[in-house]
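Below is one structure; the comments refer to it alone.
The values are calculated or read from the model by the stated rules, or taken from the named source; none is laboratory data. Keep in mind it's a predicted model, so treat the numbers as computed, not measured. Cβ atoms come from the backbone with ideal geometry, glycine included; neighbour counts cover every protein chain shown.
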């Protein structure tokens, strides 16, 4: 009798019963960091995509800093940013996390190319 193939994630969870808890804690931590940066993220979303979003936002913030932008002034909730291009793009309700990561990376790339 042959067992059905399992995903590597299922195998990992079988071998390490605490894996799901660790992944949930990581998602909560990453989502919290993103929220502190003014970025809409939810810990219920895919942990790997949350990590990718965090990397994209950090890349964007580095590009802003390289152009002399002030991250404290150029927040998504700022009513008077130095320059709108220094504000991380907003995520709309119908935007998937994957799409949003792409938008943030595109904005970072535009800033990097201006430097």
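Considering the range 89-108 alone, what residues qualify as being in a helix (DSSP H, G or I) and touching a residue at least 12 places away in the same chain (Cβ under 8 Å)?
Within the range 89-108, 97, 98, 100, 101, 103, 104, 105, 107, 108 qualify.
For the range 4-36, how many residues are surrounded by fewer than 13 Cβ atoms within 10 Å (Cβ to Cβ), modelled with pLDDT of 65 or more and within 24 Å of residue 97 (Cα to Cα)?
Qualifying residue count, the range 4-36: 8.
Restricting the range 74-88 to residues that are touching a residue at least 12 places away in the same chain (Cβ under 8 Å) and either in contact with a strand residue (DSSP E or B) (Cβ under 7 Å, 6 or more places away or on another chain) or not in a loop (DSSP other than H, G, I, E, B) (or both), which is nearest to residue 33 (Cα to Cα)?
Here the answer is 86.
Any residue in the range 58-67 that is under 10 Å from the mean Cα position of the chain (by Cα) and either without any contact (Cβ under 8 Å) to a residue 24 or more places away in the chain or surrounded by 12 or more Cβ atoms within 10 Å (Cβ to Cβ) (or both)?
Within the range 58-67, one or more residues are under 10 Å from the mean Cα position of the chain (by Cα) and either without any contact (Cβ under 8 Å) to a residue 24 or more places away in the chain or surrounded by 12 or more Cβ atoms within 10 Å (Cβ to Cβ) (or both).
Name the residue, out of 71, 49, that is closer than 18 Å to residue 107 by Cβ, part of a helix (DSSP H, G or I) and within 18 Å of the chain's Cα centre (by Cα).
On the way: 71 fails: part of a helix (DSSP H, G or I).
So the residue among 71, 49 that is closer than 18 Å to residue 107 by Cβ, part of a helix (DSSP H, G or I) and within 18 Å of the chain's Cα centre (by Cα) is 49.
Can you name every residue in the range 27-47 that is farther than 25 Å from residue 64 by Cβ and free of Cβ contacts under 8 Å to residues at least 24 places away in the same chain?
Across the range 27-47, the qualifying residues are 27, 28, 43, 44.
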